Amino acid sequence: MALFCMDIHSECLTRMTSLQVILPDISDQRRLDNGLLPVLWLLHGATDDQSMWHRFTSLERYAQSRGIAVVMPAVETSFYTNTDGGRYFDYVTEELPRIIHTQFPCISHKREDTLIAGFSLGGSGAISLGMRCPEQYGTIGVISASSIIPLEHLRPLSAGGPAAPGGPGKMS
């Protein structure tokens, strides 16, 4: 088991930010058929940061027993959205995955191997990111989401699929 505590410069956020990555031991990994690890993007709540999962749960033990990598970004109280304070949505859905897959080539980038989950504010973030990027996340997990997510900004799940309620291309 390895826990990486990283500080990186984000172009989307225009500053340094932190994240943690858990990788199970190579000797015990249950790799996918393609030889890569599935990945859980785990989002923190408003009153915590990326370290809360490592400090207050048995996450390492679960990641090891299931052979799954876990990525935990710090996003402050951004609601995982693009704001004047930083492009957090772009950071978590675009920039950080590029960084992770470059630094950790053992982590799968396939949709069906990628889960996103969170607690409280992170639960709301998991719903929002997962539904706005369905091509990226195969599973969404929510633990006590903190707020209702406005669905009017969601796009269709597929080119021919139904639009989200109130979203662009909504069905009459």
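The values are calculated or read from the model by the stated rules, or taken from the named source; none is laboratory data. Every value quoted in this text rests on a predicted model; they were computed, and no experiment measured them. Positions of Cβ are generated from backbone atoms using ideal geometry, with glycine treated the same way; all protein chains shown enter the neighbour counts. Accessible surface is based on the protein model in full, side chains and every heavy atom, while ligands, DNA and RNA are left aside. Shrake-Rupley method; radii C 1.70, N 1.55, O 1.52, S 1.80 Å.
Being of a type in the set (A, V, I, L, M, F, W, C) and crowded, with 20+ Cβ neighbours inside 10 Å narrows it down to one residue among Met131, Met52, Met72; which is it? Give the derivation first.
On the way: Met131 fails: crowded, with 20+ Cβ neighbours inside 10 Å; Met52 fails: crowded, with 20+ Cβ neighbours inside 10 Å.
Unique residue meeting the criteria: Met72.
Yes/no matrix, rows are residues, columns are (1) buried (at least 19 other Cβ atoms within 10 Å of the Cβ); (2) within 18 Å of Ser18 (Cα to Cα):
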position: Thr83; (1), (2): no, no
position: Tyr88; (1), (2): yes, yes
position: Lys110; (1), (2): no, no
position: Ser124; (1), (2): yes, no
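The residue that is farthest from Glu112 (Cα to Cα), counting only those in region 39-69 that are aliphatic (A, V, I, L, M) and assigned to a helix (DSSP H, G or I), is Met52. Every test in (1) within 30 Å of Asp25 (Cβ to Cβ); (2) outside any loop (DSSP other than H, G, I, E, B); (3) at pLDDT 95 or above is passed by Gly123 save one, and that test is (3).
Residues checked against (1) within 15 Å of Ala126 (Cα to Cα); (2) open to solvent by less than 80 Å² (accessible area, probe 1.4 Å); (3) hydroxyl-bearing (Ser, Thr, Tyr):
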site: Ala2; (1), (2), (3): no, yes, no
site: Leu40; (1), (2), (3): yes, yes, no
site: Ser58; (1), (2), (3): no, yes, yes
site: Ile68; (1), (2), (3): no, yes, no
site: Ile100; (1), (2), (3): no, yes, no
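Counting only residues that are over 20 Å from Met6 (Cβ atoms) and not in a loop (DSSP other than H, G, I, E, B), how many does region 70-88 have? It would help to see each step written out before you state the result.
Residues of region 70-88 that are over 20 Å from Met6 (Cβ atoms), as a first pass: 77, 79, 81-85.
Retained after the next criterion (residues that are not in a loop (DSSP other than H, G, I, E, B)): 82-83.
Result for region 70-88: 2.
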